[in-house]
Amino acid sequence: MTLAHPEPGGTSRAEDHGDRPVPLRAAPLRGGLATTACMETLQVGYLHAVAAASGCSLAQPFPDNGVDWHVSHGSSHHAADDEVTIKVQLKCTYQVAPSPPGPSFSFTLDNDHLVKLARTPVSVHKILVVMLVPRTQEEWLRARHDRLELRHCCYWTNLAGQQVTGRRRTTVRIPTTRIFDDRALCDIMSRVGAGGRP
């Protein structure tokens, strides 16, 4: 298979990986939306993919009450009800490199937002999902005949009980072991459905 890579000046070169060369083509003309707005859209696409693979439904609060999404999981195996729901707050950054080393990486939240995510006890649990992305949009997506790669990765944490430490913003630690994928979401829902925490 041949992949086309952008060259300086807006052209692309072909790289051979077999007998199917791809002709040279111009770099795509991307829209003028702010990068931060596109980052928000990308992380929503990630969440939708994970929810679909988990058999979960999604709902957006309207009007927005400070939490991005409600995710619901139905199963006859849940203890209290046949459907459980969690609240998900999405964040996206290119300031942390992919595959961060060590057991966790730092992420900073506004104190008002942290207080909302850290409240305990709650009737509906909340998780924070942080997506790490490349700095440039052309690196976000790779399509192949057998897969679609969405780069780089989302990590999740439950901030219940987390204390505010900064004057306006507080840095929290996001565990690198908690990759947010379909298995992680199913496990979260199983724990909540059994009466536990995410």
Listed by range, strands (runs of 3 or more DSSP E) wholly within the stretch 1-114 having at least 3 residues that are within 30 Å of Thr165 (Cβ to Cβ) and at pLDDT 95 or above are 69-74, 83-93, 104-110
Screening Thr171, Thr165, Thr108, Thr157 for residues that are over 22 Å from Cys38 (Cβ atoms), in contact (Cβ under 8 Å) with a residue 24 or more places away in the chain and loosely packed, with under 15 Cβ neighbours inside 10 Å leaves only Thr171
**Prompt:** Is it true that some residue in the stretch 118-126 is outside any helix (DSSP H, G or I) and under 19 Å from the mean Cα position of the chain (by Cα)?
**Reply:** yes
Restricting the stretch 58-85 to residues that are touching a His at 6+ places or on another chain (Cβ under 8 Å) and closer than 24 Å to Gly193 by Cβ, the one surrounded by the most Cβ atoms within 10 Å (Cβ to Cβ) turns out to be Val84
Of the residues in the stretch 135-154 that are under 26 Å from Val71 (Cβ atoms) and touching a residue at least 24 places away in the same chain (Cβ under 8 Å), the one that is surrounded by the most Cβ atoms within 10 Å (Cβ to Cβ) is Cys154
Checked Lys91, Lys116 against criteria (surrounded by 14 or more Cβ atoms within 10 Å (Cβ to Cβ), among the basic types (Lys, Arg) and more than 21 Å from Cys38 (Cα to Cα)); the one match is Lys116
Can you confirm whether the stretch 105-115 contains a residue that is assigned by TED's automatic domain parsing to the domain that holds Thr41, over 17 Å from Thr170 (Cα atoms) and under 15 Å from the mean Cα position of the chain (by Cα)?
no
When the stretch 174-190 is checked residue by residue, the ones that are surrounded by 15 or more Cβ atoms within 10 Å (Cβ to Cβ) and not β-branched (Val, Ile, Thr) are Arg178, Phe180, Asp181, Asp182, Ala184, Leu185, Cys186, Met189, Ser190
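The values are calculated or read from the model by the stated rules, or taken from the named source; none is laboratory data. All figures in this text were calculated on a predicted structure; none of them were measured in a lab. So basically every Cβ, Gly included, is an ideal-geometry build from the backbone, and we count neighbours across all protein chains shown.
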